[in-house]
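Worksheet for the structure shown next.
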Amino acid sequence: ALGLAPPLGPISGVAVTVPNHLAGIRNVELPDWKLKNTQIGARFEGVSKDGTIAFSVNGLIGRSQMPSMHAIRPSALAFDMVFPRTSVLGGSMDFNIEPLNTTVRLEGALSHGEEFVDTLESSLYSKHRVWRSVVGLDRASQIDWINPERTTLISAQFFWQHIVGFQETSTTTPTSLNNGLPGAVKEGTVGWKDNHLFTLLISAQYMQDRLNPQLIFARDIQARANVIQPHVTFLYTDKLKFKVGANYK
């Protein structure tokens, strides 16, 4: 039996019997112990002749560690759980901008075969290529009001995720489903076509580097969400360390 509690109507709280294969998980398709299900990766890294640029090229083929839900039939809340095969190709590059005393970090990767919930498909999922990238800036700055004797590390990162082939449509809902007012319902790929995230780290050192306060800030632009995480680490001895912090969302 499944308890149903619609927000409106005379049948709120009524328990009903759901027939087999209409709700829940029907099957979990765990990968067999075969060679094709193993993860195979390769990495090539190097440094430019003048030693100013470090770079790498990376590739990985395997199965997603996150399961995907495949609907058994349209408009049924019954699913098969699978772990799809995916592949990733990406690279990274680090270099210094000496006039600004700043280290730049660039990373990017394109994945194939990732599956996302998609309400426009009868199976309620679709495969996509996904581009993920990050630009990082690290700088050791002399900030006297924080610590006049040591530099303070400031690290900023900007993340960008783009889903290739993202689907999205809007339909108008009946007035009875929206408290008497018409509204719009979005259908398609769940999530955002483009997602952006910004992070900032400020780290200082005191007492011959035994006392290390840090402040981490993160902003999810599409979700309009913030995280602030301050913490302080104190190295009392070589074998004893204290750490206190907080996490505010």
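Worth pointing out:
- Listed by position, the strands (runs of 3 or more DSSP E) contained in the stretch 17-74 that have at least 3 residues being of a type outside the set (Ser, Thr, Tyr) and modelled with pLDDT of 90 or more are 40-47, 53-63.
- The residue that is most open to solvent (accessible area, probe 1.4 Å), counting only those in the stretch 203-226 that are part of a strand (DSSP E or B) and among the charged types (D, E, K, R), is ARG219.
- Selection status of GLN229, open to solvent by 60 Å² or more (accessible area, probe 1.4 Å), farther than 23 Å from LEU110 by Cβ and either free of Cβ contacts under 8 Å to residues at least 24 places away in the same chain or not in a loop (DSSP other than H, G, I, E, B) (or both): yes
- Put simply, of SER87, SER48 the only residue that is open to solvent by less than 50 Å² (accessible area, probe 1.4 Å) and touching a Gly at 6+ places or on another chain (Cβ under 8 Å) is SER87.
- Residue in the stretch 190-208 that is within 20 Å of PRO84 (Cα to Cα) and free of Cβ contacts under 8 Å to residues at least 60 places away in the same chain present: no
- Within the stretch 232-249, tally of residues that are open to solvent by 80 Å² or more (accessible area, probe 1.4 Å) and within 14 Å of LEU211 (Cβ to Cβ): 5
- Every condition in (1) over 18 Å from the mean Cα position of the chain (by Cα); (2) open to solvent by less than 60 Å² (accessible area, probe 1.4 Å) holds for GLU114 except the one numbered (1).
The values are calculated or read from the model by the stated rules, or taken from the named source; none is laboratory data. Fair warning: this is a prediction, and the values are worked out from it, not measured in the lab. Glycine also receives a Cβ, built like all others from the backbone with ideal geometry; neighbour counts cover every protein chain displayed. SASA here: full protein model, heavy atoms, side chains in, ligands and nucleic acids out. Shrake-Rupley method; radii C 1.70, N 1.55, O 1.52, S 1.80 Å.
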